[in-house]
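Remarks on the structure that follows.
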Amino acid sequence: MDKKLIRWIIWILALMGLLLVVGLFSLSMGSAGIPFKKIIPLIISGEKSIEYSILFDIRLPRIILALIVGGALSVTGVIFQGMFRNPLVSPYTLGVSGGAALGVSLSIIAGFRILPLAGFLGALGAVSLVYFIARRQGYLRISMLLLTGVMISFIASAIILLIMSLSREHQLHGILFWIMGSLEESNFPLIKLVSLIILVGIAISFLFSRDLNVLSLGEEEALHLGVNIERTKRTLFILGSLIAGVAVSVSGIIGFVGLLVPHFMRLFVGPDHRILLPTSCLAGGIFLIASDTLARTIISPLELPVGVITGILGGSLFIYFLTKKRLKLGK
Amino acid sequence: MLKLEKVTTGYNTKAILNDISFTIKKGDFLGVIGPNGSGKTTLLRVISKILKPWKGRVTLEERGLDEIKYRELAKRMAIVPQRMQELFFSYSVRDFILLGRTPYLRRFQLLESEEDLKVVRGVMEETDTLGLEERNLEDLSGGERQRTVIAQALAQEPEILLLDEPTAHLDINHQVEILNLIKNLNQKRNLTVLMVSHDLNLAAEYCERLILLKEGRVFQEGSPQEILTYQNIEKVYKTLVVVEKSPVSFKPHVFLVSGRNKRKQV
């Protein structure tokens, strides 16, 4: 047992180390080249130069946002995959992304400016709809939740297409740009608020890591082991939707992170959610920081949508490991 | 003492069990037999509080199941399901058995305590699963897997063990191995056992008492000698059989009569 705990601590420390390295590297990369060795003195001196301002007013908020959003999407992926016992579920499967995108599209054509709020309300609306449709006589039916979520997402994307076909060119551009997802957000108070909500959500979800272990055996089995499954399912669903909804509302739809990172980490640390949740959180942050760094430097000064990088990079890496190290994805 | 009082229940609006009453005393080894669809598995579900009775009630030491929380129930009663759910993650045998300690862990408790580990070591010895510790669940043979599932149930330290066809899909060697293990637990620990079985001969061999179900009702309850008569089996299973005594245990043994199982009679 002690051996297990030590192994867990080593994983967490290693990922934190990696996070530091990737974070510093990302800080040094960009159109205005600031050499790696100049960063540490800059942090220490705190001198208000242009370079300092580029680092801490432009790049650092973006890195923090990438860390938070990547962590949020990965944790939600772990929660939903464990709860639904399904390896193909992502944070977006249950209507979060569809609802958010619909909210944003509507507010763009209506001329409403506060897009994160519109996105969050859209996500909240879609997920609540899914929840109430899937609920019968006090029971939350897992299969129904999944199917309803997928259908609501489809309906949302159909309506978005309709809106796009009717909108003017600059509005169309706005909608497309949002849907592609971006971590460019200059509003520091907003980043702080989002980080706070997400961190609290992630902290609460850690308290359910053992319940997720039991739930992955099956609902009746979990009941036999004394888990109050209705309360657990309800809490996890609301928690996951909230974390993902908040993340999507600031960053748009950044795909693949929430689907891939949980599988990756399961490959390395095993299926126990007590270690899977914290390591996925860190790994998701690292992965998104790295992807975003690539996205903004690879054809600099132009920027690629970060979702393109997470898809191509994540997908290929995943297939590589899948074939290299036999991964158990169920049957 | 587990008691069913006039329990009627089912799914949606269809009643599967009708007016079922019986009592299991501490240390009993009770078998439930009956044809497919007679309500055997449903009976286990209502006893384990998965299904609620529409009428009547189930009580554990005079307390209705609806007053007992799942968590408390899980410390007193464990169930070995007929067929384990397809697992989406690959647990090691040890981690899987450790999950049996769930009802004893508190919300903020991240790791199992020394006490939990001690209990798990104990049940792994008892079920002979110590050698499988690091193996993955899906790499086990049928017999090893069943021992592991029983070990997880025992890790709950139950007073009552419910088993749903514990020997289905096992060869005779492993059937006997599993049932000897359960018999042993019943005698040494005074564990109360309720076993649903399709195998009349195994049920006769191991159970002290049998309940024969027919179409959701208790057809008859009694010792294997009383229950397993050719008349009863013909009435309930609509099958012609010969019942003899086992030359070893003197328990009844049912022989099929080939080619003549559907006798038409006025």
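FYI, it's all coordinate maths here, none of it is from the lab. A quick note: this is a predicted structure, and the numbers were derived from the prediction, not measured. Cβ sites come from the backbone with ideal geometry, for glycine too, and all protein chains shown count toward neighbours.
So for the stretch B:138-225, considering every pair of alpha-carbon atoms, how many percent are separated by more than 18 Å?
Details: 1748 of 3828 pairs.
More than 18 Å apart: 46 percent of the Cα pairs in the stretch B:138-225.
Can you list which of the DSSP-assigned H helices in chain A have a Cα extent of 30 Å or more along the long axis and an average Kyte-Doolittle score of at least 0.5?
A:2-28, A:60-84, A:142-166, A:229-251, A:273-297
If all Cα-Cα distances of the stretch B:1-40 are sorted into 5 Å bins from 0 onward, what percent lands in each bin, rounded to whole numbers?
7, 18, 22, 27, 17, 7, 2, 0
Fewest to most neighbouring Cβ within 10 Å: what's the order for B:Ser249, A:Ser97, A:Ser209, A:Ser153? Spell out each step's value before the answer.
Details: B:Ser249 12, A:Ser97 29, A:Ser209 19, A:Ser153 22.
Lowest count first: B:Ser249, A:Ser209, A:Ser153, A:Ser97.
Which of rounded, prolate, oblate describes the stretch A:35-181, given a ≥ b ≥ c as roots of the alpha-carbon gyration tensor eigenvalues and a/c under 1.5 marking rounded, otherwise prolate only if a/b is larger than b/c?
Cα axes put the stretch A:35-181 in the oblate bin.
With a 10 Å cut-off between alpha carbons and a GNM built on chain A, which of A:Ile160, A:Ile114, A:Ile254 moves the most?
Comparing A:Ile160, A:Ile114, A:Ile254 in a Gaussian network model of chain A, the most mobile one is A:Ile114.
As a check on your grasp of the helix formula, calculate [θ] at 222 nm for chain B: sum -39500 (n - 2.57) over DSSP H runs of n ≥ 4, divide by the residue count, round to the nearest 500.
Calculated at 222 nm, the ellipticity per residue is -9000 deg cm²/dmol.
Please state the shape class of the protein assembly as shown: rounded when a/c is under 1.5, otherwise prolate if a/b exceeds b/c and oblate if not, all from the C-alpha gyration tensor.
Details: a/c = 2.92, a/b = 2.13, b/c = 1.37.
Prolate.
Based on the alpha-carbon gyration tensor of the stretch A:209-331 and its eigenvalue square roots a ≥ b ≥ c, which shape applies: rounded if a/c is under 1.5, prolate if not and a/b is larger than b/c, or oblate? Kindly include the intermediate steps, with their values, before the conclusion.
Numbers: a/c = 3.06, a/b = 1.68, b/c = 1.82.
Oblate, because a/c is 1.5 or more while a/b does not exceed b/c.
Sticking with the crude label model, points 7 Å out along Cα→Cβ, report the distance from B:Asn184 to B:Ser113 in nm, one decimal please.
Once both label points are built, they end up 2.8 nm from each other.
Please go through the stretch A:130-220 and write out the trypsin sites (Lys or Arg not before Pro) that DSSP classes as loop and that have at most 16 other C-beta atoms within 10 Å. List each step's numbers first, then the result.
Details: sites: A:Arg135, A:Arg136, A:Arg141, A:Arg168, A:Lys192, A:Arg210; in loops: A:Arg141, A:Arg168.
When the trypsin sites (Lys or Arg not before Pro) of the stretch A:130-220 are filtered for loop state and at most 16 Cβ neighbours within 10 Å, A:Arg141, A:Arg168 remain.
Anyone know which of A:Thr148, A:Thr279, A:Thr235 comes out most mobile in the 10 Å Cα GNM of chain A?
Among A:Thr148, A:Thr279, A:Thr235, the largest mean-square fluctuation in the Gaussian network model of chain A belongs to A:Thr235.
Taking each residue in B:99-112, count the Cβ atoms of any other chain within 10 Å of its Cβ, then average. What number comes out?
The per-residue average across the peptide is 4.
Using only DSSP helix segments of four residues or longer, with each worth -39500 (n - 2.57), what per-residue ellipticity at 222 nm results for chain A after dividing by its residue count and rounding to 500?
Values: 16 runs with 245 residues, N = 331.
Result for chain A: -24500 deg cm²/dmol, rounded to the nearest 500.
Which distance in Å, rounded to a whole number, links the C-alpha centroids of the stretch A:266-293 and the stretch B:160-226?
47
Tell me the relative contact order for the stretch B:1-86 as a rounded percent, counting alpha carbon contacts under 8 Å between residues six or more apart.
Taking the mean separation of contacting Cα pairs over the length of the stretch B:1-86, I get 33 percent.
Cross-link list A:Lys233/B:Lys75; A:Lys3/B:Lys183; A:Lys192/A:Lys324; A:Lys3/A:Lys324; B:Lys25/B:Lys251; B:Lys55/B:Lys75: which exceed 31 angstrom alpha carbon to alpha carbon?
Beyond 31 Å between Cα atoms: A:Lys3/B:Lys183; A:Lys192/A:Lys324.
Among the DSSP beta bridges whose two residues both lie in the stretch B:2-222, what percent are antiparallel, rounded to the nearest 5?
55
Which of the helices in chain B meet the span-like rule: DSSP H, Cα axial reach of 15 Å or more, Kyte-Doolittle mean at least -0.5?
Helices passing the filter in chain B: B:142-155, B:172-188.
Determine the relative contact order of chain B: mean sequence separation of Cα pairs under 8 Å and six or more apart, normalised by residue count, in whole percent.
Value for chain B: 24 percent.
Give the Cα extents of the stretch B:2-222 along the principal axes, in whole Å, largest first.
Largest to smallest, the principal-axis extents are 46, 43, 35 Å.
Over the protein assembly as shown, what is the percentage of antiparallel beta bridges among all DSSP beta bridges, to the nearest 5?
DSSP beta bridges in the protein assembly as shown are roughly 60 percent antiparallel.
Considering every residue in B:152-161, what mean count of other chain Cβ atoms within 10 Å of its Cβ is obtained?
Averaged over the peptide's residues, the number is 1.
So how compact is chain A: Cα radius of gyration and Dmax in angstrom?
Answer for chain A, Rg first and Dmax second: 20.2, 63 Å.
Please report the spacing between the Cα centers of the stretch A:104-126 and the stretch A:58-85 in Å, no decimals.
21
If R₀ is 25 angstrom, what is the calculated FRET efficiency for the pair A:Ile155 and A:Thr235, using the beta carbon separation as r and rounding to 0.05?
Computed FRET efficiency for A:Ile155 and A:Thr235: 0.40.
Which whole-number percent is the relative contact order of the stretch A:186-292 (Cα, under 8 Å, 6+ apart)?
30
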